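Enquirer: My questions will all concern the structure given below.
What follows is calculated from the coordinates using simple rules that are stated; it is not laboratory data. Everything numeric here is computed off the predicted structure, so don't read it as measured data. For neighbour counting, all protein chains shown are included, and Cβ atoms are generated from backbone atoms with ideal geometry for every residue, glycine included.
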Ligand code: HAM
């Protein structure tokens with residue numbers, strides 16, 4: 001019997017890898033323009049890190065973590081998200097100290113044991129960013145506007161930026177109480193999960209996808225009504241800065257997020273193109289997290305985008321870029337011998353070159369050139385050899401030109417430059 005990939009994980013095959021690389025390259029460039037430095041943290045951590053940051057009562061910690069004991073009985077979890085690990089590393093290596101601003105970004109696999117469906121996987125990839133050191137609303141606006149720019153650069157349209165404020169440790173308890181008072185009258189309408197959430201973390205009820213719970217919570221009080229003066233001023237400033245920066249956004253008083261570390265500004269970039277999985281990126285402020293994890297009191301804010309969801313949203317008209325510059329198609333033993341030398345010359349010059357290694361018809365070699373995404377084919381038959389030329393075929397326009405075989409490397413280089421400019 002064939003062994004298949006584990007349920008809920010997906011292979012990213014060579015034919016779609018260009019989308020991933022495109023998203024990674026554009027994100028890297030954008031993040032570095034905004035002063036973020038790359039950090040690579042482990043794929044697994046002590047389970048306690050996630051309990052103390054994401055929250056014991058969050059769905060992620062309660063139901064979705066891949067947790068195991070190692071051979072010494074130590075509790076380890078595969079990371080379900082990146083923020084906790086980055087904060088842990090920042091504290092451990094003294095990378096952050098207020099008031100200086102420190103910014104980090106990361107790319108990599110995350111693991112959650114969720115019910116798999118379109119756009120929702122058990123191993124998925126995030127690009128995330130975290131900025132530490134400022135409580136100011138400028139940073140919130142800067143991060144959201146950076147995401148807006150990134151979407152634009154990737155050609156991803158039809159998304160909406162939704163924002164909310166969850167308040168701080170001073171005003172959240174009041175909101176929690178107001179919500180509990182309201183939900184207390186609707187308990188018999190809630191699902192069993194939400195009845196439990198009502199006790200331990202009532203905000204979570206607003207995030208439930210069950211239609212009955214959604215209906216029951218339709219008129220639930222919104223966090224905004226309980227914000228303290230400084231949270232309100234902060235949120236108003238974030239909105240003003242976004243408006244000044246020309247970033248469109250929508251206020252969503254029900255945006256509560258599934259992780260417990262958030263304070264004040266939270267945001268999501270949503271789309272209606274991906275069915276139920278409508279968030280392509282999300283984040284927010286977490287001013288208490290560094291301290292909660294044993295560091296000094298340093299505010300932070302960040303986001304993560306889902307690579308699978310972004311790749312699915314790239315414009316359909318985007319063309320797969322050429323993977324190979326030239327595919328040599330030799331015909332006959334002598335041509336194959338010359339092709340071997342020519343391949344070496346081309347590759348040494350920095351040209352991405354590939355060839356056929358066995359005798360095959362010209363037709364099947366051209367098919368192969370197309371399949372691997374070659375910009376040009378270089379045909380070398382007996383006739384070309386006798387005349388000392390290489391027949392260069394533009395795979396897109398099908399226009400053919402002859403170049404002298406002894407100048408082939410330079411001539412191919414010139415042609416490739418033309419394609420790239
Ligand atoms: P999150 O909302 O859990 O936030 O995930 C961020 C993004 O990751 C989502 O908007 C979605 O695009 C993608 N994502 C999440 N779960 C899955 C899944 N099962 N399959 C495919 N894609 C998924 C966080 O992870 C926070 N750490 C973000 C953050 C950083 N907040 C502050 N800093």
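Enquirer: For segment 221-357, report the convex hull volume of the alpha-carbon atoms normalised per residue, in Å³, without decimals.
Expert: Convex hull of Cα atoms, per residue: 240 Å³.
Enquirer: For the chain, just the Cα atoms, rotate onto the principal axes and tell me the three extents in Å, largest first.
Expert: Rounded to whole Å, the extents work out to 90, 55, 44 Å.
Enquirer: Using Cα centres only, tell me the gap between segment 128-168 and segment 195-209 in whole Å.
Expert: Taking the Cα centre of each part, segment 128-168 and segment 195-209 sit 26 Å apart.
Enquirer: With only alpha-carbon atoms counted, please give the Rg and Dmax of segment 120-262, in Å.
Expert: In order Rg, Dmax, the Cα atoms of segment 120-262 give 16.9, 48 Å.
Enquirer: Highest GNM mean-square fluctuation, the chain, Cα pairs closer than 10 Å: which of 337, 40, 352?
Expert: Maximum among the listed residues: 337.
Enquirer: I've got another one for you. Could you work out the percent of alpha carbon pairs in segment 29-73 separated by over 16 Å, rounded to a whole number?
Expert: 55 percent
Enquirer: Please provide three numbers in whole Å: the alpha-carbon extents of segment 327-378 along the principal axes, with the largest listed first.
Expert: Rounded to whole Å, the extents work out to 28, 26, 12 Å.
Enquirer: Now, a different point. Between residue 209 and residue 180, what FRET efficiency comes out of the Förster formula 1/(1 + (r/R0)^6) with R0 = 25 Å and r the beta carbon distance, rounded to 0.05?
Expert: The computed FRET efficiency comes out at 0.75.
Enquirer: What's the exposure ranking of 50, 251, going from fewest to most Cβ atoms within 10 Å?
Expert: 251, 50
Enquirer: Using a Gaussian network model of the chain with C-alpha springs under 10 Å, which one of 16, 402, 142 is most mobile by mean-square fluctuation?
Expert: 402
Enquirer: What list do you get for 12, 54 if you sort them by fewest beta carbons within 10 Å?
Expert: 12, 54
Enquirer: In what order do 46, 357 fall by count of nearby beta-carbon atoms within 10 Å, going from fewest to most?
Expert: 357, 46
Enquirer: Okay, moving on. Based on the Cα atoms of segment 1-106, what semi-axes does the equivalent ellipsoid have, where each is the square root of 5 times one gyration tensor eigenvalue, given in whole Å with the largest first?
Expert: So the three semi-axes of segment 1-106 are 27, 25, 12 Å.
Enquirer: Treating the Cα atoms of segment 326-415 as identical point scatterers in vacuum, please give the log10 of the normalised Debye intensity I(q)/I(0) at q = 0.13, 0.21, 0.24 Å⁻¹, two decimals.
Expert: -0.34, -0.97, -1.33
Enquirer: Note down the relative contact order for the chain as a percent, whole number, built from C-alpha pairs under 8 angstrom at least six residues apart.
Expert: Taking the mean separation of contacting Cα pairs over the length of the chain, I get 15 percent.
Enquirer: Continuing with the same structure: Would you look at the GNM of the chain, springs on alpha carbons closer than 10 Å, and say which of 187, 385, 259 moves the most?
Expert: So, out of 187, 385, 259, the one fluctuating most is 385.
Enquirer: Next question, about the same structure. Could you tell me the relative contact order of segment 172-216? Use alpha-carbon pairs under 8 Å, at least six residues apart, and round to a whole percent.
Expert: 36 percent
Enquirer: Taking only DSSP H segments of four or more residues, each worth -39500 (n - 2.57), what value at 222 nm results for the chain once the sum is divided by all its residues, to the nearest 500 deg cm²/dmol?
Expert: Calculated mean residue ellipticity at 222 nm is -11000 deg cm²/dmol.
Enquirer: Based solely on C-alpha atoms, express the radius of gyration and the Dmax of segment 1-49 in angstrom.
Expert: 16.4, 51
Enquirer: Segment 172-216: percent of C-alpha pairs farther apart than 11 Å?
Expert: Counting every Cα pair in segment 172-216, those more than 11 Å apart make up 60 percent.
Enquirer: Would you kindly calculate the mean projected area, averaged across all directions, of the convex hull enclosing the Cα atoms of segment 75-178, in square nanometres?
Expert: The number I arrive at for segment 75-178 is 10.2 nm².
Enquirer: Determine the distance separating the Cα centre of segment 219-295 from the Cα centre of segment 313-391; give it in Å without decimals.
Expert: Cα centroid of segment 219-295 versus Cα centroid of segment 313-391: 53 Å apart.
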